[in-house]
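Everything below concerns the one structure shown next.
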Amino acid sequence: MKNIIRKLAVAICMLLILAPFFQPWSYAEDVYTDNVVIVLDCSGSMREPMYNTDIMKLNAAKSALKDVLKQVQETTHIGLLQFSAGNTSKEWLYPLGVKKDVEFMNAIDTPKPGGNTPLGKYMKIGADRLLQEREKQHGYGSYRLLVVTDGESTESPCPVDSYTQDIISRGIIIDAVGINMDKAHTLATKVHSYRSANNPGSLKKALAEVFAEVGSVKNDATGKEVFELIAPLPSEVAAAMLQALSASGNHPVGEKPKPKQEPQAQAGQDAQQVQSGATASQDHSAALLMWVIIGVVVIALLALLAKLTE
Amino acid sequence: MSKIFESMRKFYKSRVVAVDSVVLSAVAIAVVLVLVLMSVRTAYAASQETFEEQLGSVQVGNVTGTSPLEVPFITWGGDMPTFYANGNSLTTKPGSIFHKLGLNIKLVNGDDFKQQVRDYMAGKTPFLRSTFDMLGQASEVIASDTRTKGFIIEHLTWSTGGDNAVGRKDIKTVADLKGKTVCLQENGPHVGFLDDMLKSAQLDWSDIKVVWAKDLTGPNGPAEMFKNNQNIDVCFVITPDALALTGKGEGNVKGAKVFLSTAQLSRSIADVYICRKDFYDSNKELVTKFVAGYLKAVEEVIDLKNKYETTGSPEYTKLLQATQDILGKEAIPTLDDAHGLLSDCTFVGYPGQLAFFREKGNLHGFEALQKKVLDLAVNRGYAKTRCAFFPSTLDYDSPTFLSYLTKTGVQRKEKFRAEAVQEEIEALTTGALDERTLLTFSINFEPNQDSFSEEQYGAEYKRLVEQADKYANAVFAVRGHSDPTKTLSEIVKAGMKKGILQRAGTEGNYKYSLNGKPLDLSSTKEIIRLIEEGAFDGIAEYNPRETMQAALNLSRQRAEALRDSIINYAESHGLHLDKSQVQPTGVGIKEPFIAKPSNMDEAKQNMRVEFRLIKVSAEATQKSDFDF
C-alpha cells in the first residue's frame, strides 16, 4: 500500500512539474458548434394523456425526445431546460453541452408534471444561455431554442411576446411544438416554425424535423434572379440593412447592451511593451508558483497518508 | 565707307555685349543649376555613391597584437553582455568571463561605422561590429583585400522595439509609404529596416522620396529634420526620439505616431560581429573563445534581467551602471534607460547560432539575410558587385560550447497563446482592427470553393510565410469574407412575405416601398429600426439571420482551410512557420466590397479571404529568452 502511494506521489509530482510546460494548442481550437436548448413544459397539464391514447403528454414528449436525440450528431450541443416539474427544482436537467446519450437519457427521465406555465421566463433563461454560448464561440455556430409545450403562459403580465421578439431579433431560431392544443399556440405566428402534435407519432415527427434543420449547410451559390430581386435597393440602404442585421448583441434578453470594451491596443513603443512583457512574465511566474504550491500540498497529503498507513 | 565701318562696329559691339550677357546668364544659370543639383544630390541621392567612394582612401594593414585585442562595440543592448563578459569594464577584469577564457580585450566605441571600417581594414582590430545590413553596404570595401574578407562569426540579437518608423497622422500602414517623403540616417541601421518594410508592402525605393540625415539622432538626426520640415512624412528613429516626437512633452509633433517598429518587424535588424579572414584563419581558437564567452554572458545576463524584473538583482544593477559609465550619461541618462536598451533587443543565444548558420529553409538565417543585404547593397548603389561574407565555421559541437554553456538545448516554441490571440482579434471592432493593421492583402475564390491549392495561391502563401517570419511579433489574421447577396435577398423576401416591403413594376424594373412609402435613402433609419427589432424575422422559409449566420460559419471554415493550406505549403517547402502566428477568423457578410452586387462578377469581389498582419498585446505572446 505504502509503495503504491509512493509511486502515485511520484507520478503526480511528475505531472504537476510538467503541467506548466505543456504547450497549448498551436492555434485556437475550432470553436463553433450547433447549439439547441430544449425548453420542456412540465406543468400540471402535461400529466394529461394525449388524444385517443393513455400516454401522458410529458411521457410522450420524453419518449419522442429520446428517440430523436439518439440520431442527433455528437457535434451538436444540447441543453434541456424544464419548468414546473413537481419532483425537482433543478431547472437545467441537462446543461448545454456535448450530448452524452446515457446522461441525457437519465436527465430526461427525471421530471414529473407539476405546477403552472411560466413560459416567458424560461424562454429567456434558455435564450440567455444560448447567447452566452454564442459570445464564447465568438458568434460562430448555430443557435436554436426548441419549445415543447401544451399551453399558453400563465404569467401575468405575460412577457412571452416581447421576449420572443427580442430573441428572434438576436438571430436565435425559435421552433415551437404544441402538444394537443385545440388551437395553435400564440407562438405559432411569431416564431420561425410551429408544429402541432396531437399524437406520439406526430410529436416525434415534429421534433425530428426540427433537429433535421440543425446545422443545415448553406452555400453561397447565387442565381441571376437574386440579383434582380435586390437591384431596386439603393446601395446605401443595402449596406445599412447588412450592418443592422449583423449588429445584434449577446446581452441578456430584455436588457440593453452594455458598451463594448476594446482590448487594450498593443504597445507600439518598447517602453510600454517592456512593461507589458514584465506583466506577462509575472503572470507566468504566478502560475508556476501556484503549481509548485499545489504540488507541495499534494505531496504533503500523500506523505501523511503513507505515514498513516504504516 | 566709314559709315559702313561705323555701323559694323556698332553692330559687333552690340553683339559682343549681347553675346557676353547671354554667356554670363547661361553660366550663372548653369552654376545655380549645378549648385541646386549638388544640394539635391546631397539630400536625396547620397546613396548613389558607393560606400567605397563615401569612405575615401582606406589603408589596409595586418592585425597587430592580440593582447589586448581591440574589439569594437556600439550603443546597443546586444553589446551589454560584452561589457559583462569583460567584467563590466572596457578592459578585461580579473575573474570576468573573458579573463577566465584567457582573453585580454580592450573594448572601443564603434558607433562611427565608417571609422570602424577604416580601423578594421587597417588591422587595428580584426572585428567589425554592426548590423548585417550595414555590413552589406560596406561589403565591397571589406572584400577588397583577401586579408579583410569577412567571416560572420556571431549573430547577437534582433532589434525588437528599439527602432521605429514615426509618421504623420495620415500614415497608418506600411502601404501608406507610397509617394511619401522619408527621412533616415545615411548608411545607418534603418536602411535595411525601410527596405524590409517596402518589400512587405510590395513597394520599391522608387515609390518614396528619401531625405538622408547625417546622424542617427541629435541635431542632424531624422527626428530633428522631421520636426523642422513639414514635407517629411516619415522618419526612422530610435526609441528615445520616437517617444519625444509622439509624446505630450516638449519636442513632440502633433499627430505623429509610431506606425511600425521593430517590436513587430522583429526580424529585420540583425546585429552581428564579423572577423577578418586572416585573423580568423590563424586565431580560430581565440575567436571561438570570444564567441563562447559572449554567449555565456548572454545566458547570465538574461537570468539576471529576469531576476531584476521580479525580485531585483544587485549584479544586474552593476551591469546597468557599467553601461551608463561606458556609453555616457548623454546616451544613457538613467539606469532605467540602460535596462530599456537591453529590453529593446532579443538575443538569439547558442541555439540561434545553430539556426542562423546551419538550418536549411531558415528565412532569417545566414543565407537568406546575406542575399537580402547584398541585393540591397547593389540595388541601392552602395556596392557595384556582390561580395559575399563567409558563414562561421566554428565547431559549435565542441566542448568549448557544449560543456561551457547551459542553454544549448533550448527549442523553438510557439510565440503566441492562440486562445488569447483569438479572443483579442474577435473582440476588435473594424476601426480598432484597422488601427492595429500593419499590412493587408487578399485572395478571391469562387462560389462554394472549399479548397485552396498551391498552384492557385502559391504566391500569396509565399508572401505570407515570408512576412510572418519578418514580422515575428505580429499575427496574421486570416479573415474569411462572404458575399451578402443571398442575405439581402432573404431580407427582401421576408419583408415582402410579412408585408413590410411591397414590390411594384415589372421584371427588370421593379420598385420597392416600405410600409407604403417609396424605399429610398430617406428610408434608411426606419429600415434599420425594423431590422433591429426583428420585424423581418420569424418566418421559416426566409430567414436572413440564419443565412447570415451560415455565411459567417462558412467564412470561418474557409479561413481555417486556408490556414491549413498555408501550413502545408510551409512544411512542403521546408520553411519554418510558427503556426500560432496564423489565426483564422470569419467575417461573414459584414465587410463587403460591394454591398449590393449587380451580378456574379461583382459578388465574386466580395468572396475573398484577407490576410491582415496585426499587432497583438504582449499578454497574447509567450515569453522566451531567445528568438531564433
Those residues that are more than 10 Å from chain A (Cβ to nearest Cβ), over 17 Å from residue A:228 (Cα atoms) and assigned to a helix (DSSP H, G or I), I need them from segment B:491-523; list them, please. B:497
Only one of these conditions is not met by residue B:224: (1) in contact (Cβ under 8 Å) with a residue 12 or more places away in the chain; (2) touching a Ser or Thr at 6+ places or on another chain (Cβ under 9 Å). Which number is it? (1)
Can you tell me how many residues in segment B:557-575 are surrounded by 19 or more Cβ atoms within 10 Å (Cβ to Cβ) and over 15 Å from residue B:479 (Cα atoms)? 2
Selection status of residue A:124, out of contact with any strand residue (DSSP E or B) (no Cβ under 8 Å at 6 or more places or on another chain) and surrounded by 20 or more Cβ atoms within 10 Å (Cβ to Cβ): yes
Scope segment A:137-191; condition within 30 Å of residue B:588 (Cα to Cα) and more than 13 Å from chain B (Cβ to nearest Cβ); matching residues: A:146, A:147
Check on residue B:588, buried (at least 18 other Cβ atoms within 10 Å of the Cβ) and modelled with pLDDT under 95: yes
Would you pick out the residues in segment B:244-286 that are part of a loop (DSSP other than H, G, I, E, B) and under 14 Å from the mean Cα position of the chain (by Cα)? B:262, B:263, B:264, B:265, B:266, B:267, B:268, B:269
Picking from B:488, B:464, the residue that is surrounded by 15 or more Cβ atoms within 10 Å (Cβ to Cβ), closer than 30 Å to residue B:441 by Cβ, at pLDDT 90 or above and facing chain A (nearest Cβ under 10 Å) would be B:488
Do you know which of the residues in segment B:304-333 that are under 28 Å from the mean Cα position of the chain (by Cα) and within 13 Å of chain A (Cβ to nearest Cβ) is nearest to residue B:108 (Cα to Cα)? B:305
Give me a count of the residues in segment B:155-175 that are part of a strand (DSSP E or B) and either more than 15 Å from the chain's Cα centre (by Cα) or among the hydroxyl-bearing types (Ser, Thr, Tyr) (or both). 4
Can you find a residue in segment A:225-242 that is touching a His at 6+ places or on another chain (Cβ under 9 Å), more than 30 Å from residue B:428 (Cα to Cα) and not polar (S, T, N, Q)? no
Could you list, in sequence order, the residues of segment B:227-240 that are away from chain A (no Cβ under 11 Å) and part of a helix (DSSP H, G or I)? B:227, B:228
Pairs under 6 Å by beta carbon, first residue assigned by TED's automatic domain parsing to the domain that holds residue B:572 in segment B:435-459, partner among the acidic types (Asp, Glu), six or more apart or different chains? B:442/B:610; B:443/B:460; B:447/A:220
Failed item in (1) modelled with pLDDT under 95; (2) more than 20 Å from the chain's Cα centre (by Cα), with residue A:58 passing the rest: (1)
Can you tell me which of (1) part of a loop (DSSP other than H, G, I, E, B); (2) touching a Ser or Thr at 6+ places or on another chain (Cβ under 8 Å); (3) not aliphatic (A, V, I, L, M) is the one residue A:86 doesn't meet? (2)
Within segment B:412-436, residues within 7 Å of another protein chain (Cβ to nearest Cβ), small (Gly, Ala, Ser) and crowded, with 18+ Cβ neighbours inside 10 Å come out as B:418
Determine whether residue B:237 is surrounded by 22 or more Cβ atoms within 10 Å (Cβ to Cβ) and either of a type in the set (Val, Ile, Thr) or at pLDDT 95 or above (or both). yes
Looking only at segment B:465-507, how many residues end up being acidic (Asp, Glu) and in contact with a His (Cβ under 9 Å, 6 or more places away or on another chain)? 1
I want to confirm something. Restricting to segment A:233-248 and keeping residues that are at the interface with another protein chain (Cβ under 7 Å from one of its Cβ atoms) and of a type in the set (S, T, N, Q), which single residue is farthest from residue B:482 (Cα to Cα)? A:235
Within segment B:528-553, track down each residue that is facing chain A (nearest Cβ under 7 Å), more than 43 Å from the chain's Cα centre (by Cα) and of a type in the set (Gly, Ala, Ser). B:534, B:538, B:540
Looking at A:229, A:203 in this structure, which one is surrounded by 15 or more Cβ atoms within 10 Å (Cβ to Cβ), more than 8 Å from chain B (Cβ to nearest Cβ) and assigned to a helix (DSSP H, G or I)? A:203
For segment A:123-145, give me the residue count where each residue is among the polar types (S, T, N, Q) and assigned to a strand (DSSP E or B). 1
So residue B:581 ticks every box in (1) more than 8 Å from every other protein chain (Cβ to nearest Cβ); (2) surrounded by fewer than 23 Cβ atoms within 10 Å (Cβ to Cβ) but one. Which box is left unticked? (2)
Looking at segment B:90-99, which of its residues are surrounded by fewer than 17 Cβ atoms within 10 Å (Cβ to Cβ) and either of a type in the set (S, T, N, Q) or touching a helix residue (DSSP H, G or I) at 6+ places or on another chain (Cβ under 8 Å) (or both)? B:91, B:93
Scanning segment B:601-619 residue by residue, those more than 9 Å from chain A (Cβ to nearest Cβ) and assigned to a helix (DSSP H, G or I) turn out to be B:601, B:604, B:605, B:606
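The values are calculated or read from the model by the stated rules, or taken from the named source; none is laboratory data. What you see is a predicted model, and the numbers here were worked out from it, not measured in a lab. All Cβ positions, glycine included, derive from the backbone under ideal geometry; neighbour counts span all protein chains shown.
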